[in-house]
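These notes concern the structure reproduced below.
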Amino acid sequence: MPGSRITALGRYQPSRVLTNDDLAGMVDTSDEWIRRRTGIATRRIAADTESVTDMAAAAAAEALAASGLRPSDIGMVTVATCTAVDRCPSTAAQVAGRLGIPAAVAYDLNNGCAGFCTALAAADHSLRAGAARHALVIGAEKMSAVTDWSDRGTCVLLGDGAGAAVLSAAEQDGIGPVVWGSDPTRADAVRLVDDWHPRFAQEGQTVFRWATGELPGIAREACRRAGITPADLAGVVTHQANLRIIEAVTRRLGLPEHVVIAKDVVDSGNTSAASVPLALSRLTESGELPPGGPVLLLAFGGGLSWAGQVVTCP
Ligand code: UT7
């Protein structure tokens, strides 16, 4: 097959909404500070009993139903996550079991917040090589389980959820060449500190400066490799970490008015590897991103790593 394309999307978010005012009752912060510095208004928090596997399976079930495929058609399941508790069997293997997918290769991939775009590229490469015809690619995180709820610098940022895409081998290419990499000199800029209990920590300003400085060039390169310019895009879905980063990066790309910019961070906060498929799924379901349009996906995070590609909207 010359390529693959996304044929369906799904998502899942827990029902509990945590507002900025709720957080102001827990730590020394305010709705005004959080909105001004991050753009975030709310985030969803999973129940104690709700796992990464539960959320990944719910998003994947929605994507599979939307694709019209049978479980037995799926030959590959990958879950991008850095918060799954189970090491073996993998979250992906458990999702395959729950969805009745009988014989898929199933594995987890941890590339922090860049995980979904990395997994999408890896699945695309596998489908191109003929290793499977249909794949489920999922980003799922329970960030609330690795949040230090006494640290105002990070607890206001994070949320839980999952997003999923069905990827199918196709004559017409719908996944552009990936631009990916990592910078080990900034490896500690975003991390899960693990002494007794893993918790999210980051050097916020280091990441902020890196993202606003480097992402525009990475975005242009992804467009160049896809044979388009940023002005040809229908939409841009970056990792949803901070609205100020999203606005600075898209401003530097000089995008025309009609290009839809994902701003799901406002409602969902930073859901790490889930943020790109969550935002993409929401924008396609609402019709803001029409089928066929080229959309730039661009994610970054722990490592410090990044991955991005231009995809055709399902
Ligand atoms: O998903 C992984 C990728 N991560 C990112 O993309 C994160 C990138 N960085 C950022 O988004 C921003 O750096 C943050 C949102 C994390 C922080 O915003 P900032 O504008 O860089 O704030 P800061 O950390 O420099 O803190 C400024 C002040 C400090 O007070 P002093 O020292 O100036 O008195 C903080 O203690 O704001 C204080 N502060 C807060 N105040 C009220 C930090 N967090 C809060 C808070 N409420 N929640």
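The values are calculated or read from the model by the stated rules, or taken from the named source; none is laboratory data. Treat the numbers as computed from the prediction; the structure is a model and nothing was measured. Here the Cβ positions follow ideal geometry from the backbone for every residue, glycine too, while neighbour counts run over all protein chains shown. Areas reflect the complete protein model, heavy atoms only, side chains present, ligands, DNA and RNA absent. Shrake-Rupley method; radii C 1.70, N 1.55, O 1.52, S 1.80 Å.
Scanning residues 5 or more positions from G3 or on other chains, those with amide H under 5 Å from its amide H are A170, with H placed 1.01 Å from N in the peptide plane.
Once you've got the GNM for the chain with C-alpha springs shorter than 10 Å, pick whichever of G204, G287, G115 has the biggest mean-square fluctuation. Among G204, G287, G115, the largest mean-square fluctuation in the Gaussian network model of the chain belongs to G287. For A46, the residues 5 or more places off, or on other chains, whose built amide H falls under 5 Å of its own are S144, D160. Residue-wise HN-Hα couplings along the stretch 303-314, as the Karplus relation 6.51 cos²θ - 1.76 cosθ + 1.60 with θ = phi - 60° gives them from phi, are x, 6, 10, 8, 7, x, 7, 8, 10, 8, 5, x Hz; Gly and Pro carry x. In plain terms, the chain from S15 to I228 could stretch by 72.8 nm, reckoned as 0.36 nm per residue minus the Cα-Cα distance. Grab the beta carbon distance between H258 and Y107, set R0 = 51 Å, and tell me the FRET efficiency rounded to 0.05. Efficiency computed from Cβ-Cβ geometry: 0.85.
Compactness of the chain was expressed as the Cα radius of gyration divided by 2.2 N^0.38 Å, which yields 0.92. Computed over the chain with a Gaussian network model linking Cα atoms closer than 10 Å, the most mobile of P198, P216, P230 is P198. The simple spin-label model puts a point 7 Å past each Cα toward its Cβ; for R209 and A65 those points are separated by 4.8 nm. Counting only DSSP H runs of at least 4 residues, each contributing -39500 (n - 2.57), and dividing by the residue count of the chain, the helix-based mean residue ellipticity at 222 nm comes to -10000 deg cm²/dmol.
Measuring r between the beta carbons of T49 and R244 and using R0 = 30 Å, the FRET efficiency lands at 0.30. Rounded to two decimals, the Cα-based Rg/Rh of the stretch 3-170, with Kirkwood Rh, is 1.04.
When all protein chains stay in place and ligands, DNA and RNA are ignored, the 1.4 Å accessible-area order of K142, K263, largest first, is K263, K142.
Largest mean-square fluctuation among R220, R133, R87, in a Gaussian network model of the chain whose springs join Cα atoms under 10 Å apart, belongs to R87. Protection proxy ranking of 274-284, 59-69, by the mean of other Cβ atoms within 10 Å over each peptide's residues and highest first, is 274-284, 59-69. Here the 3J(HN,Hα) profile of the stretch 18-31, calculated from phi with Karplus coefficients 6.51, -1.76 and 1.60 at θ = phi - 60°, is 10, 8, 5, 5, 4, 5, 5, x, 10, 9, 7, 8, 8, 4 Hz, Gly and Pro shown as x. The value of relative contact order for the chain, using C-alpha pairs under 8 Å at least six residues apart, is 26 percent. In the distance distribution for the stretch 179-312, Cα-Cα pairs more than 26 Å apart total 20 percent.
Remark: spin-label model distance R98-T42 equals 2.3 nm, labels positioned 7 Å along the Cα→Cβ axis.
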